[in-house]
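**Q** First the structure, which I've put down as structure tokens, then a few questions once you've had a look.
The values are calculated or read from the model by the stated rules, or taken from the named source; none is laboratory data. All values derive from a computational prediction rather than experimental measurement. Don't worry about glycine lacking a Cβ; one is built from the backbone with ideal geometry, like all the others, and counts go over all protein chains shown.
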Amino acid sequence: MNSSDPGRRVLLFSSIGHALMHMMTAFYAVIVLTLAIAWKLPAEDLLRLYAPATILLGVMSLPAGWASDRFGAPAMMVVMFVGLGLSSIACGLVPAGNTLALSLALCGIGVFGAIYHSVGIGWVIRTAKEQGHAMGVNGLWGSAGLALYGIVPGVLITLYSWRAAFIVPGIVCLIVGAVLLFEIRRGRIGDRPMPQMPGVQVGRGNFWRVFSVLSVTMALEGITWAAVMYGAALVFQSRLGDQIAWIRDSLASWGVVTQAVLWVGLATSTIYIVSGIAQYAMGRRVIDRYPLKTTYVVASALQVGAMLALAMGNGYVALAGAIASAVLSSAAGPVENILIARYTPSRYHGLGFGAKFVVALGASPVAILAIAWVRESTGNLELLFLGLAGTSVVITLVALLLPGNDRGQEARAPAPQAAPAE
């Protein structure tokens, strides 16, 4: 990339971080299926080991945001890459059957994964010329990471072992962190304050109105998002079981032996491949052109149908519902980020985004524990997704309280100037 366009370089590293963070904070949902067989433990019990990590993934967003305001976004992104890489490698090296060691290593993934959203999203928005487009690109990479959370462990487990599914992504993280540090020291990566947006009044009243509304909607959406992320593999394992068995048998007749986890992983990856493409398109065609409030309310309302499809549909309908849910979340998430960036003073961006993701990601443990409890009680997840359909109605009603004068096409940032390294 040309050094005269630092915003594009920032977008590249932030987007890579978005992809790796999402993949590495979600791939345990697929790895656990094989780990349960290898360790001869129930998948539900092993899934619970990740609950503390998901708590840290939310709670640590706030101190990560504070550190970003103090030490700079570029430096904190290096910390994220290195810490995430070392933690993932540690997961792959735990002794067989040692659930405590695995839980502690997973907590490392939660702690360092928490850095990304409170640091990387604001970094992109501050340096972008077209915020909707930049968020669309960044979201596409994030969705690619979510798509890879099924493919990467599925392939690595099939070719090698569950340990490789942790260790290989960890090594990639360390390499990216080293390259970013090199770029910072060369002065090619930096930051800048948030430019003022026409028609947006940054004041205490508007800030608290936006953040109060979003605190409710983001917490409830966080539960929905996590329920789809961690529950979809379990839904597909049961409802697509016959189709997966047919594919495996057909391939076996040609001498190609595959594990069921590979096909479950591919099904979950399909969700985020489609949603990533949709998020990029919406960043270009929707968020930069239409009122943010309207986009947010419509996306929230349509989640009701997606949850009903996951609750009551057969394998293919459930897959379509999961894809629809991810697409709609891809529309809502960037709107939340842009609203927070516009209504929060630049010097508090880290804290603002940290607070957002304490709320949004802090809800994930609720979803994980609910998945385990509902599945143990009923044998499936129908009741969970029916409840989330009702939750989506509540989100829609609360979202109507957002300010309604914020049109994306009126708020293009001036072209970023060369930013000094921090």
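**Q** Under the condition of being buried (at least 24 other Cβ atoms within 10 Å of the Cβ) and among the aliphatic types (A, V, I, L, M), which residue from the stretch 145-174 is farthest from the chain's Cα centre (by Cα)?
**A** It comes out as 165.
**Q** Also, quick follow-up: Could you grab me the full set of residues in the stretch 29-76 that are farther than 25 Å from residue 354 by Cβ and outside any helix (DSSP H, G or I)?
**A** 40, 41, 42, 49 - these are the residues of the stretch 29-76 that are farther than 25 Å from residue 354 by Cβ and outside any helix (DSSP H, G or I).
**Q** When only residues in the stretch 229-258 that are over 26 Å from residue 379 (Cα atoms), modelled with pLDDT of 80 or more and among the aliphatic types (A, V, I, L, M) count, which is surrounded by the fewest Cβ atoms within 10 Å (Cβ to Cβ)?
**A** Restricting to residues being over 26 Å from residue 379 (Cα atoms), modelled with pLDDT of 80 or more and among the aliphatic types (A, V, I, L, M), the top hit is 252.
**Q** Next up: On the given criteria, is residue 262 more than 18 Å from residue 34 (Cα to Cα) and either of a type in the set (Ser, Thr, Tyr) or part of a helix (DSSP H, G or I) (or both)?
**A** Judged against the criteria, residue 262 is not a match.
**Q** Would you check which residues across the stretch 376-397 are at pLDDT below 85 and surrounded by 15 or more Cβ atoms within 10 Å (Cβ to Cβ) and list them?
**A** 380
**Q** Which condition number does residue 39 fail, the rest of (1) modelled with pLDDT of 90 or more; (2) hydrophobic (A, V, I, L, M, F, W, C); (3) surrounded by 22 or more Cβ atoms within 10 Å (Cβ to Cβ) being met?
**A** Residue 39 satisfies every listed condition except (3).
**Q** Also, quick follow-up: So is residue 324 surrounded by fewer than 23 Cβ atoms within 10 Å (Cβ to Cβ), touching a Leu at 6+ places or on another chain (Cβ under 8 Å) and closer than 20 Å to residue 229 by Cα or not?
**A** yes
**Q** Which count do you get for residues in the stretch 102-122 that are in contact with a Leu (Cβ under 6 Å, 6 or more places away or on another chain) and of a type in the set (Val, Ile, Thr)?
**A** Going through the stretch 102-122 one residue at a time, the tally reaches 1.
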